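Enquirer: Just passing along the structure, written as structure tokens.
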Amino acid sequence: MASGSLTIGGRLLRPLYRAVWADPGRRARKLLQFAEVEADGSRDLVRAAELTDDPVLRREFLHHARDEARHASMFRARGLALRATLGSTNRTALLPDWIVPGERRLDDLPVDGDQAGRLLAFIHLSESAAARDFAVYHSVLDHDPKTGAVFHRILRDEEFHMRYSLAELDRVAPGGRRRLLWGARLRRLWKGYLRLAMALAEKIATIILTAQYFILLPPFAWAAKRAARREPLGWVTISPARPR
């Protein structure tokens, strides 16, 4: 998927992604985050291979897991190499990390034999989204050809994963492709909404707590200072007749 075959959304977001990936500190951090996601995906696929009774699916899942583990190593190696070149004065740009998503984990998805269709639908959509995103990242990394080459090599694997998962989906759930893909899309939308809601809740909580600090604390501080002014200075002699 070269830059010439990018989707309309990818073309529109290229200036934003170029700004995000221009920062070397963020570039290193995102690569290391991608490595974690790929490693988690590899473990999930091994678990799926262990649980399925289908020998074809077991072979494909294990092959996919090996690819994900290799991707994790590639992302980690490049991320560490970039981080080693950063000075202590490097500052990351003020752009949130969710702007450049990577591949999604297979968390909270049943991987037993009865749910193979749901798993394959999720894999297909996840790999398709990753392929689209990685194609855009590769197209904006002309200033960092080594990182661009990593995305280019991984992109070829993602396109293969898209094809095998769709072919296996048609095999294990004949006639159910549309229903399963739409179900997977709705689950991805719901999880995306939850991620966005959590991020917004964190920002809103920070704003509210900051506002409370500046709104509620000053009256108490003013009252304390006023009471302190009414107190006499120095030592105060206590009358012997004053009860203790």
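Enquirer: About the Cα centre of segment 112-183, what is the dipole size in debye to 20, counting +1 per Lys and Arg Cβ and -1 per Asp and Glu Cβ, all else neutral?
Expert: Roughly 240 debye, rounded to the nearest 20.
Enquirer: Given labels modelled 7 Å from the Cα in the Cβ direction, how far is it in nm from GLN212 to GLU50?
Expert: 4.4
Enquirer: Moving on. Using only the Cα atoms of segment 151-210, build the gyration tensor, take square roots of its eigenvalues as a ≥ b ≥ c, and label the shape rounded, prolate or oblate: rounded if a/c is under 1.5, else prolate if a/b is larger than b/c, else oblate.
Expert: Verdict is oblate for segment 151-210.
Enquirer: Checking the cross-link filter: which lysines have an alpha carbon closer than 23 Å to that of LYS30, excluding same-chain neighbours under 8 positions apart?
Expert: LYS146, LYS191, LYS203
Enquirer: Using per-residue counts of other Cβ atoms within 10 Å, averaged over each peptide, order 197-209, 159-171 from highest down.
Expert: Packing order, densest peptide first, comes out as 159-171, 197-209.
Enquirer: Could I ask something else about it? List, in order, the whole-Hz ³J(HN,Hα) value for each residue of segment 22-30 obtained from phi through the Karplus relation with A = 6.51, B = -1.76, C = 1.60 and θ = phi - 60°; use x for Gly and Pro.
Expert: Computed from phi, the couplings for segment 22-30 are 6, 7, x, x, 5, 4, 5, 5, 5 Hz.
Enquirer: Can you tell me which of 179-188, 148-157, 132-141 comes out highest on packing, and rank the rest after it, using the mean Cβ neighbours within 10 Å?
Expert: 132-141, 148-157, 179-188
Coordinate-derived values only; no laboratory data. Treat the numbers as computed from the prediction; the structure is a model and nothing was measured. Every residue, glycine as well, gets a Cβ built from its backbone with ideal geometry; the counts of neighbours run over all protein chains shown.
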